[in-house]
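**Q** Before I ask anything, let me first share the structure, which is written out below as structure tokens.
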Amino acid sequence: MAGSKPKGVAQQLFEAQQRRAAHKAALEKAALAAREKEKRAAARREEAAARQARRAAEESAKRQQASDARQVQQVLREMEKRETLRQQAEAREAMVRERNAARDEKAQAVQRLKDEAAERTREIERRVEAIGSVLAGRDRGLEPLRADSGAALDSGGAEGFADRVSQILAERAFLKRARPEVAYSPDTRRLTVAVDLPRPEGVPADKAFRYVAARGEIVAIPRREAEKQSIYQDAVARLALCVADYAAAVTAPEAVDVIAVNGHVRATDPATGRPVRPCLVSLLVERDVFERVALDEPRLDPVQCLIHLRALLSDDPCGLQPVIPFADPGLERRRPAEAAAVLDLATMDPYDFERLIRDLFLAMGFRAWKTPDSRDGGVDAVAVRDDIAIGGVCVIQAKRYTHTVPVEAVRALYGTMQEHKAYTGLVVTTSSFGPASHAFAAEVGRITLVDGARLRALIKEHLGMDAVISGRRTATS
């Protein structure tokens, strides 16, 4: 520079040194600044990296949280699903158990009903078997009682004998409610026993019971009327044979030669509502004939046995269709007094007159007797007799007249014979017949007329009683 004093070397060196120092300082400063800048940049990079790392960490955390949340949700969903499946399985199992329980309960209820039906059926069968056990279950070994009844005969006569036999029979099996009534005829050595039979209602109306699934209930199977009729008829026959066996067992052969058994049932007449006691079976048999019957033979048919013994057995016992008994204990007890007195056929009670006519024709050999209600003071009957001359069905008309029997009565008998398909007919009267009646009877050829005189003779011959016919009649005849 002009006018300036040149610097010395030292000065120049110093200045150079200062410049170098300044340059160095500047460099250092620049380096420092650069380093600071770099440091700041590094710090910024670090901070950015940290921020990025933090963001990455946060994002990673978020992702992890989200993943964890998803996993948790997945686990929860799985748990919920499993719980739902478990609950559904439990619900299904519960439904199955309930269904099985309901099925089992229904099956048990059905089985109970089936068992009840079977038990009720067995009860019916036991009742029917009990009905059929009368003969097999009868009392045995009664012969020692003959001494007891014989002593009653010796001390009390016929009436005492009958009373004692009645007491003995009332204590026997199957007869405790039968109220046996006994009469004894020493002349004929005939013992007559009348007992009360069980009512037809004792036969079970139902044959069996069965369970009907469609209706869910027990249904009764009704017994056919023919089967009820057969069972009751069999029961009646068994009891009649049982009574006859008892009568033979408790009486000595030298005291009783003939046994008569009547079985009555106490009932109500549906037509009148009044009590009735029809006889459903009547047996009259000689002792030795009866003792030849094998009552303990399992194949014995009681009904056929009675038919073989020529007993009278109702064709419709359930309908209370009666038979006329061969003998009547009440009449047997009254007969000694009646025999001692003379019978007035015109004034005697109508019912006694009916019994007298019945006993007369039974004594003459007729073995069946059915009497409708005539309401005309006489007896209209249909009887059967096994006889070559007048065998078969016979219609009998017996009327107490004080005047000659009109021919219309004989013609009416002929109409009744045709109605009942009877082979013969008899008109019995306490008076007489006119020529027209005899002519009509001769024309038919199968009608017999019995007037008052012949009637008295028949009563004397077959019943051993004297009879008269006065000119007056009872008001009810």
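The values are calculated or read from the model by the stated rules, or taken from the named source; none is laboratory data. Source: prediction; values computed, not measured. Cβ atoms come from the backbone with ideal geometry, glycine included; neighbour counts cover every protein chain shown. To get the accessible areas, we keep the full protein, side chains included, count just its heavy atoms, and leave off ligands, DNA and RNA. Shrake-Rupley method; radii C 1.70, N 1.55, O 1.52, S 1.80 Å.
**Q** Per q in 0.16, 0.20, 0.21 1/Å, what log10 I(q)/I(0) does a Debye calculation on the alpha-carbon atoms of the stretch 116-173 return?
**A** -0.63, -0.77, -0.81
**Q** Based on the Cβ-Cβ distance from residue 446 to residue 347, what FRET efficiency comes out when R0 is 30 Å, to the nearest 0.05?
**A** Numbers: r = 33 Å, r/R0 = 1.09.
With a Förster radius of 30 Å, E is 0.35.
**Q** Then there is this: Hey, can you grab everything whose amide H is under 5 Å from the amide H of residue 311? Only 5+ residues off in sequence or another chain; H modelled, so Pro and N-termini drop out.
**A** Residues meeting the amide H criterion: none.
**Q** Would you mind checking 176/228; 106/228; 207/421; 176/207 for any pair whose Cα atoms are more than 30 angstrom apart?
**A** On the way: 176/228 24 Å; 106/228 36 Å; 207/421 38 Å; 176/207 28 Å.
In this structure, 106/228; 207/421 exceed 30 Å between Cα atoms.
**Q** Taking a probe of 1.4 Å, how large is the accessible area per residue of the chain, in Å²? Mind dumping the intermediate values first?
**A** Details: 27610 Å² over 477 residues.
Per-residue accessible area for the chain comes out at 58 Å².
**Q** Same structure again: Can you tell me the convex hull volume per residue for the stretch 275-319, based on C-alpha atoms, in Å³ to the nearest whole number?
**A** Values: hull volume 4.5 nm³, N = 45.
Value for the stretch 275-319: 100 Å³ per residue.
**Q** Near the amide H of residue 343, under 5 Å away, which other amide H atoms are found, from residues 5 or more places off or on another chain, if H is placed in the peptide plane?
**A** Those qualifying (amide H under 5 Å, at least 5 residues apart or on another chain) are 466, 467, 468.
**Q** Continuing with the same structure: Report, to the nearest whole %, how much of the accessible area of the chain belongs to carbon and sulfur atoms, 1.4 Å probe, protein only. Numbers along the way, then the final one.
**A** Values: 14630 of 27610 Å².
Carbon with sulfur: 53 percent of the solvent-accessible area.
**Q** From the protein chains alone at 1.4 Å, what is the descending order of accessible area for 44, 86, largest first? Let's see the in-between values first.
**A** Numbers: 44 125, 86 100 Å².
Accessible-area ranking of 44, 86, largest first: 44, 86.
**Q** Another question about this same structure. Could you grab the relative contact order for the stretch 403-450? Cα pairs under 8 Å, six or more apart, rounded to a whole percent. It would help to have the intermediate numbers written out before the result.
**A** Working: 55 pairs, mean separation 22.5, N = 48.
Here the relative contact order equals 47 percent.
**Q** What does the convex hull of the Cα atoms come to per residue for the stretch 8-51, in Å³?
**A** Working: hull volume 0.9 nm³, N = 44.
With only Cα atoms used, the stretch 8-51 gives 21 Å³ per residue.
**Q** Just reorder 95, 417, 364 by solvent-accessible area, largest first, 1.4 Å probe, all chains present. Don't skip to the end; give the middle numbers.
**A** Working: 95 110, 417 5, 364 40 Å².
The residues order as 95, 364, 417, largest area first.
**Q** Which helices of the chain meet both criteria: a Cα extent of 27 Å or more along the helical axis and a mean Kyte-Doolittle score no lower than -0.5, with helices taken as whole DSSP H segments?
**A** 225-250
**Q** Could you give the nm distance between label points at residue 436 and residue 32, where each point is 7 Å from its Cα heading toward the beta carbon?
**A** Label-label distance for residue 436 and residue 32, simple model: 18.7 nm.
**Q** Could you pull the Rg and Dmax for the stretch 31-133, using just the Cα atoms, both in Å?
**A** Spelled out, the Cα radius of gyration and Dmax of the stretch 31-133 are 41.9, 142 Å.
**Q** What accessible area, in Å² to the nearest ten, does a 1.4 Å probe give for residue 211?
**A** 50
**Q** Same structure again: Heavy atoms only, probe 1.4 angstrom, no DNA, RNA or ligands counted: give me 448, 188 ranked by accessible area, highest first. Walk me through the numbers before you get to the answer.
**A** On the way: 448 50, 188 80 Å².
Ranking 448, 188 by accessible area, largest first, yields 188, 448.
**Q** Right, here's the next one. Mind jotting down the distance between the C-alpha centroids of the stretch 403-460 and the stretch 235-306, whole Å?
**A** 35
**Q** Quantify how much of the Cα-Cα distance distribution of the stretch 202-305 extends past 16 Å, in percent.
**A** Details: 3726 of 5356 pairs.
Tail of P(r) above 16 Å: 70 percent of Cα pairs.
**Q** Additional query: Working only with C-alpha atoms, what are the Rg and Dmax values of the chain, expressed in angstrom?
**A** When restricted to Cα atoms, the chain yields Rg and Dmax of 60.7, 224 Å.
**Q** Regarding the stretch 171-252, what whole-number volume in Å³ per residue does the convex hull of its Cα atoms give? All intermediate terms of the calculation are to be shown ahead of the outcome.
**A** Values: hull volume 9.0 nm³, N = 82.
In the stretch 171-252, the Cα hull volume divided by residue count equals 110 Å³.
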